[in-house]
Each structure stands twice: as structure tokens, then as C-alpha cells.
Amino acid sequence: MPLPPTFNDFLGNALAVEHLRTAIASGRLPHSLILSGPSGAGKYTLALMLAMAVECERQPRDLWSNGQSLASFCGVCSNCTRIASAANLEEAVEAAVTAREDLRETDKKETRVLVQPHPDVLIIPPDPPQLLIKLGQVRTLIQRSHYLPSEAPRKIFILTAASFMKEAANSLLKVLEEPPETVHIIILAENPGELLPTIRSRCATVRLGALPVDEIDLLLSDRRPEIPPQQRGLVARLAQGAAGKALGFDLAAYTAARADALIFIRDAAASGDGEGSSDHSALFKMTETYRAGAEGQQKTTAMLRAFALLLEDLLLLNAGTPELIRNTDLRAELDRLAETLSFGWIEQASRGLDQVYSGMRRNLLRSLSLDAFATQLTQG
Ligand SMILES: [Zn+2]
């Protein structure tokens, strides 16, 4: 997906964007900034657009009637185009990972994944396979932050996630204490609570909020007219207020992942309702299909996300707020499940989910930790 051509084309959060543009225009963009918000809210897109506005050779301004000046970017100068070349983060990271794979074994260990679209703009993604930002990456940031920018007004570092190895976080803290005048560090955080409090306190935080369902529905009818209205409402809810997520939402893939997640829940409901007849065979047949490796990890993540959304819906039904559920097309079945499954089970399932996630972080065999999860859910 290419970047929006202007700030006015950025979806949602107009106030936050305006605030940041004003800050850039007046030279007051914080040196350390956390952009927080749900996945798909546009944190990365906005960070690149901000970088372009800071580095643009032409420094265009939008003037408002009240005299306020808002920073903008031309999109065509050599600084803008180079920064915009990293618009597809997934692709850029994949290219960096592939380049590392091609290195000799000894160099591979020392090489951290970095994306550098411009000599003065460095993008730091979580380093696979653990998907944490590592010490080597932060060391590169620190080392480069000591040099003056070479082809643009500032040096900009974009850390695309808030999950750090401990030493990396401590190391980052040092540069945040006294960032060089010419440096901007932008941390993108789905959950800023993951960051050390000492890091948070040294950064300005700008939150990108979720968009209302109606707004996303409208957006979908405009940009993805091929989606039938009934499914549009469902996608709008499932995207959880994230415009980017809604526009790229693959309902068929989600439905498949959710069907597997439902096997867990149905199985637990069947063993809990006194019949005691469930032999869990459907469940283990399903977890069998989840393998280790990159593809398996993706499949597992999709299934776990669907699982988490289903648990939330069950809680909403338990709480007597059915109008808030997201999987609206499953209402009847969810009602039945909510009657069978206790609050305690849902809580236990949420904790189990966290354990599977942390197991994945430690890169365990995916199918193994899923089996443990399944066993845990069907006991008691
Ligand atoms: Zn430009």
C-alpha cells in the first residue's frame, strides 16, 4: 500500500496529526516520541509521513485561516521519495531478513535486521525470530545518532515496536536521557505499557485512537465497494477501529482461523456441560495442522487473534452488553457457548493464550505449545 499523498488523506485522528504537523512547522517536534495505538491505526504510515515532513527539501506549509502553519511534504524530492520507498514495512523487513540469511554463519549472528531507506532515516523492526528489538540494533542507533545528518536536516530513527530485550531497553534509555539536537526517535507502540516506565517518562506520547465502526463502514463502502454491506459491518467491527486493518481485511482468512479457534471453545463447552463424552479428537486433529516455522507462526497468530476476539465476545455477552460483540454473524452460537462456559474458564483461557504467545516468543515448537494449551482448556 503506498503512503497517503498528503496528511489530509491520512485516515482518522485528525487532531493528533494536526498537533504533530504544527510541532514540526515550529521546530518543536519532540526528540523522543511514542506513537501509540492499535494495530492498523496507521502508526508506521504516520511516522514515515512525519519523517518526510521533517526531511523534505521543499518544506511546504499549509496555512490555516487562523494563521496556524502546518508542516507538509512534497512527496517528489529525493528525501521524500527515498523515505516513502519503505512504505511497505513487511516487504522491507523481509528483504533485510533475506539479506541476512545470505551472510556467512559468523556474520549472521552479528547482523541485526535494519531498514535504511535514506542515509539519515533508520527503521528498526523487532529482530526475528524472537521479534524483540535487540541490543545490537539499539547500539547502531546510538552510534549513528552521534553523527550529524548528511543529506537531510535531521536524523530520524523509527522503532517499529515496543517489545525490547532488557539490555536493549536499558541502552535506549541512555540516549533518551540526552538525545542529540539533530535526532528524532519515534517509538511505535501498540501497548505503551510494554515500555519501561523510565522510557515512557522521557518521551512525549501521541495516541492514535480507534475509529468508530460507522466511520470504518463508510470508508469500506467507498474503498472496497466489492464487499457486500452485511459483511462490511462485520469487517468494520472485526478491524477494531483500525482503518488500515479494515481496508486490508481478509474475511475469508479470518473466518478460517476463527473456525479453528471455535473448535477449542466448542470442545471445552462439550467437556464442561456434564456430558463428558468429548474425546477431543477434532481438537487435536486441528492443532496437528499447526506446524513450526514462519508459515505455522503466521497461521497460529491468526488463530490466536480470532480466539482472543471470541473470548472478548463471550465476556461481553456475560456482561450483558451483546451490542458490543464483534463476531455478530455468530451471535446465536456465542449465546449458547456463553451459557455453558463459566467466567472462570474464560479467564483461564485468556491466561493460557498469554502463555502460548510467550511460548512463541521463545520460539518453541508451535504445535507443542498449542497442544498444551488445548489440554489445559479441556481440563477441569
Ligand atoms: Zn519532499
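The values are calculated or read from the model by the stated rules, or taken from the named source; none is laboratory data. Not measured: the values here are computed from a predicted model. Backbone-built Cβ (ideal geometry, glycine too); neighbour counts: all protein chains shown. Note: accessible area is taken over every heavy atom of the protein model, side chains too, but ligands, DNA and RNA are not part of it. Shrake-Rupley method; radii C 1.70, N 1.55, O 1.52, S 1.80 Å.
Filtered by the rule that a residue be assigned to a loop (DSSP other than H, G, I, E, B), open to solvent by less than 40 Å² (accessible area, probe 1.4 Å) and away from the ligand (no atom under 16 Å from the Cβ), the range 100-122 gives a lone residue, Val113.
Cβ separations smaller than 8 Å between residues 6+ apart or across chains give the following pairs from the range 247-268 residues that are surrounded by fewer than 19 Cβ atoms within 10 Å (Cβ to Cβ) to residues that are outside any helix (DSSP H, G or I): Leu247/Met1; Leu247/Arg224; Gly248/Met1; Gly248/Gly40; Leu251/Ile227.
For every residue, the table says whether it meets (1) under 19 Å from the mean Cα position of the chain (by Cα); (2) closer than 25 Å to His118 by Cα; (3) acidic (Asp, Glu).
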position: Leu159; (1), (2), (3): yes, yes, no
position: Met165; (1), (2), (3): yes, no, no
position: Asn170; (1), (2), (3): no, no, no
position: Val175; (1), (2), (3): no, yes, no
position: Glu178; (1), (2), (3): no, yes, yes
position: Val183; (1), (2), (3): no, yes, no
position: Ile186; (1), (2), (3): yes, yes, no
position: Glu194; (1), (2), (3): yes, no, yes
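Among the residues of the range 78-99, not one is within 14 Å of the ligand (Cβ to nearest atom), buried (at least 18 other Cβ atoms within 10 Å of the Cβ) and in a loop (DSSP other than H, G, I, E, B). Could you give every pair whose Cβ atoms fall below 6 Å, whose first residue belongs to the range 76-93 and is touching a residue at least 12 places away in the same chain (Cβ under 8 Å), and whose second residue is open to solvent by less than 10 Å² (accessible area, probe 1.4 Å) and of a type in the set (Asp, Glu), counting only separations of at least 6 or pairs across chains? Once the first residue is touching a residue at least 12 places away in the same chain (Cβ under 8 Å) and sits in the range 76-93, its partners that are open to solvent by less than 10 Å² (accessible area, probe 1.4 Å) and of a type in the set (Asp, Glu) give Asn79/Glu55. Selection of the range 313-328 for residues being out of contact with any Phe, Trp or Tyr (no Cβ under 7 Å at 6 or more places or on another chain), more than 15 Å from Ala261 (Cα to Cα) and not in a loop (DSSP other than H, G, I, E, B) yields Leu315, Leu316, Leu317, Pro322, Glu323, Leu324, Thr328.
Counting only helices (runs of 4 or more DSSP H) that sit completely within the range 183-261, those holding 3 or more residues that are within 18 Å of Leu330 (Cβ to Cβ) correspond to 229-238. A residue that is buried (at least 19 other Cβ atoms within 10 Å of the Cβ), under 27 Å from the mean Cα position of the chain (by Cα) and over 14 Å from Leu238 (Cβ atoms) occurs somewhere in the range 294-301. Working only within the range 56-73, note down all residues that are open to solvent by 50 Å² or more (accessible area, probe 1.4 Å) and within 12 Å of the ligand (Cβ to nearest atom). Those that are open to solvent by 50 Å² or more (accessible area, probe 1.4 Å) and within 12 Å of the ligand (Cβ to nearest atom): Glu57, Arg58, Gln59.
Check the range 37-55 and report whether any residue there is in contact (Cβ under 8 Å) with a residue 24 or more places away in the chain, within 16 Å of Gly244 (Cβ to Cβ), open to solvent by less than 10 Å² (accessible area, probe 1.4 Å) and hydroxyl-bearing (Ser, Thr, Tyr). No, there is no match, as no residue in the range 37-55 is in contact (Cβ under 8 Å) with a residue 24 or more places away in the chain, within 16 Å of Gly244 (Cβ to Cβ), open to solvent by less than 10 Å² (accessible area, probe 1.4 Å) and hydroxyl-bearing (Ser, Thr, Tyr). If you check Arg100, Arg112 for being without any contact (Cβ under 8 Å) to a residue 60 or more places away in the chain, touching a strand residue (DSSP E or B) at 6+ places or on another chain (Cβ under 8 Å) and closer than 29 Å to Leu176 by Cα, only one passes: Arg112. Taken over the range 345-368, the residue count meeting the criterion of being of a type in the set (Lys, Arg), over 14 Å from Ser163 (Cβ atoms) and either modelled with pLDDT under 80 or in contact with a Phe, Trp or Tyr (Cβ under 6 Å, 6 or more places away or on another chain) (or both) is 1.
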